[in-house]
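Peer 1: What follows is a structure written as structure tokens; I'll ask about it next.
The values are calculated or read from the model by the stated rules, or taken from the named source; none is laboratory data. All values reported here derive from a predicted model rather than from experimental measurement. Cβ: placed from backbone, ideal geometry, glycine included. Neighbour counts: every protein chain shown. The protein model used for the area step is the full one, side chains on, heavy atoms only, and it has no ligands, DNA or RNA in it. Shrake-Rupley method; radii C 1.70, N 1.55, O 1.52, S 1.80 Å.
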Amino acid sequence: MTTTAAPDHTGARTAPKDNPGAAPRKRRSGRLRRISLPYLLLLPAVLLELLVHLVPMIIGIVVSFRELTQFYLRDWTTAPWAGLDNYALAVDFDAPVGQALLKSFVTTCIFTVASVALCWFIGTAAAIFMQENFRGRGFLRTLFLVPYALPVYAAVITWAFMFQRDNGLVNHVIHDQLGLTDSPPFWLIGENSFITLLVVAVWKGWPFAFLIMMAGLQNIPREIYEAAALDGAGVWQQIRRITLPSLRPVNQVLVLVLFLWTFNDFNTPFVLFGKSAPESADLISIHIYQSSFQTWNFGTGSAMSVLLLLFLLVVTGLYLLFTSRGRKATDV
């Protein structure tokens, strides 16, 4: 004898008495479908990202263990197996290859520290300044974000023209108009190329710090500043005691992102100086490119890339470890 659902007073059928779990199962199925739908929509993008980033990374690691030169480009899988020879050559600091890599690494570290510090300082100062209400604040905010919105190649090419020795705007101002130098200096070659690279990198990177700091400052209640002002705290005391401690979580993420972007930056020096960067501006990204595509020794270049990846992973892990410990100590 089958059991049918009896209609209620509204005419709708109710669930059968002998199957009380049917409705909960339908609800769970619908909930599971709603939860899984966003992940299913993201799946194609995730697969494409893995395909774009993960596959070249694996191929690069495999190439680092082979003696891949221009003679094996047609079929790189036939290149002789080199084992750890490429890595040994890269870290042999008594040999010319290792010495050049070490010098490029030191130059990159100095450049990264200077660039990140300046970007953070200028971005933080501009964000704090923009918290005050004054006429033209919206226009200045838009103007500050222009370097971040411009395409990298267009901006760097413009800077390269400005730093030309004979007809560049920089030498026209400091030499022709202000008379600060005896002769127009070279900015794209020689020792001054490091200053040029730093100026362009900071000009391009500080608006990002400004944008992140502006977002972080929105979460600090204005009542705290008003109470501090009533207690007699000045502007510098408010920045030191309220603003900077409140922005500590934002700063931790911002400094890490700026470090990774600056240390890996390839577009800026490549567009600014071309394939052969000056010795004083020989960043490790350009150095690896030259070691791979100018000497045609792709095995050694891949080994350098893997070493760079390991270094960044170690630095990132240590940074996250120390910052998380500091955050837990502060919370306690």
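Peer 1: Does region 214-317 come out rounded, prolate or oblate by the C-alpha gyration tensor, with a ≥ b ≥ c the root eigenvalues, rounded set by a/c under 1.5 and, if not, prolate when a/b is larger than b/c and oblate if not? Walk me through the numbers before you get to the answer.
Peer 2: Numbers: a/c = 4.78, a/b = 3.02, b/c = 1.58.
Taking the square roots of the gyration eigenvalues as a ≥ b ≥ c, region 214-317 is prolate.
Peer 1: To the nearest 10 square angstrom, how much accessible area does S292 have with a 1.4 angstrom probe?
Peer 2: That residue has around 10 Å² of solvent-accessible surface.
Peer 1: Now, a different point. Relative to the present Cα-Cα distance, how much length would full extension add between R34 and L102 at 0.36 nm per residue of separation?
Peer 2: In short, 19.2 nm is gained.
Peer 1: Taking only C-alpha pairs under 8 Å that are 6+ residues apart, what is the relative contact order of the chain in percent? Please list the in-between numbers first.
Peer 2: On the way: 296 pairs, mean separation 79.2, N = 332.
Reported as a whole number, the value is 24 percent.
Peer 1: Give the ranking of I128, I122, I242 by solvent-accessible surface, highest area first, calculated with a 1.4 Å probe. It would help to have the intermediate numbers written out before the result.
Peer 2: Details: I128 40, I122 65, I242 20 Å².
The ordering from most to least exposed comes out as I122, I128, I242.
Peer 1: Report the FRET efficiency, 1/(1 + (r/R0)^6), for S183 and F266, where r is their Cβ-Cβ distance and R0 is 30 Å, rounded to 0.05.
Peer 2: With a Förster radius of 30 Å, E is 0.40.
Peer 1: A further question follows. Could you work out the relative contact order of region 172-327, using alpha carbon pairs under 8 angstrom and six or more residues apart, expressed as a whole percent?
Peer 2: RCO, region 172-327: 23 percent.
Peer 1: Here is a further query. Counting only Cα, what are the radius of gyration and maximum Cα-Cα distance Dmax of region 95-296, in Å?
Peer 2: So, for region 95-296, Rg and Dmax equal 20.2, 68 Å respectively.
Peer 1: Could you give the length gained on full extension between R165 and E279, defined as 0.36 nm per residue of separation minus the Cα-Cα distance, in nm?
Peer 2: In short, 39.2 nm is gained.
Peer 1: Ranked from the most accessible area to the least, with a 1.4 Å probe and all protein chains present, what is the order of D176, D166, D92? List each step's numbers first, then the result.
Peer 2: Values: D176 95, D166 130, D92 65 Å².
In descending accessible area the options line up as D166, D176, D92.
Peer 1: Work out, step by step, the length gained on full extension between A88 and D176: first 0.36 nm times the residue separation, then minus their alpha carbon distance; give nm to one decimal.
Peer 2: 26.6 nm
Peer 1: Would you calculate, for the chain, the mean residue ellipticity at 222 nm contributed by helices, counting each DSSP H stretch of 4 or more residues as -39,500 (n - 2.57) and dividing by all residues, to the nearest 500? All intermediate terms of the calculation are to be shown ahead of the outcome.
Peer 2: Working: 13 runs with 211 residues, N = 332.
Calculated at 222 nm, the ellipticity per residue is -21000 deg cm²/dmol.
Peer 1: Follow-up question, since we're still on this one. Provide R135, R241, R165 ordered by accessible surface of protein heavy atoms (probe 1.4 Å), highest first.
Peer 2: If we order R135, R241, R165 from most to least accessible, we get R135, R241, R165.
Peer 1: If we restrict to alpha carbons, what Rg and Dmax does region 52-100 come to, in Å?
Peer 2: Answer for region 52-100, Rg first and Dmax second: 12.4, 37 Å.
Peer 1: So what does L244 come to for accessible area, using a 1.4 Å probe and Å² rounded to 10?
Peer 2: Rounded to the nearest 10, that gives 60 Å².
Peer 1: Set the Förster radius R0 to 51 Å, insert the Cβ-Cβ distance between N133 and T78 as r into 1/(1 + (r/R0)^6), and round the FRET efficiency to 0.05.
Peer 2: Given R0 = 51 Å and the Cβ-Cβ separation, E is 0.15.
Peer 1: Just to be sure I understand the model, the point goes 7 Å from the Cα along the line to the Cβ. What's the resulting R240 to V152 distance in nm?
Peer 2: 3.9
Peer 1: Helix 152-162 versus the longest principal axis of the chain: what is the Cα-based angle in degrees, 0 to 90, to the nearest 10?
Peer 2: 20
Peer 1: Given the protein chains as shown and a 1.4 Å probe, how many square angstrom of K275 are accessible, to the nearest 10?
Peer 2: Surface accessible to solvent at K275 totals approximately 120 Å².
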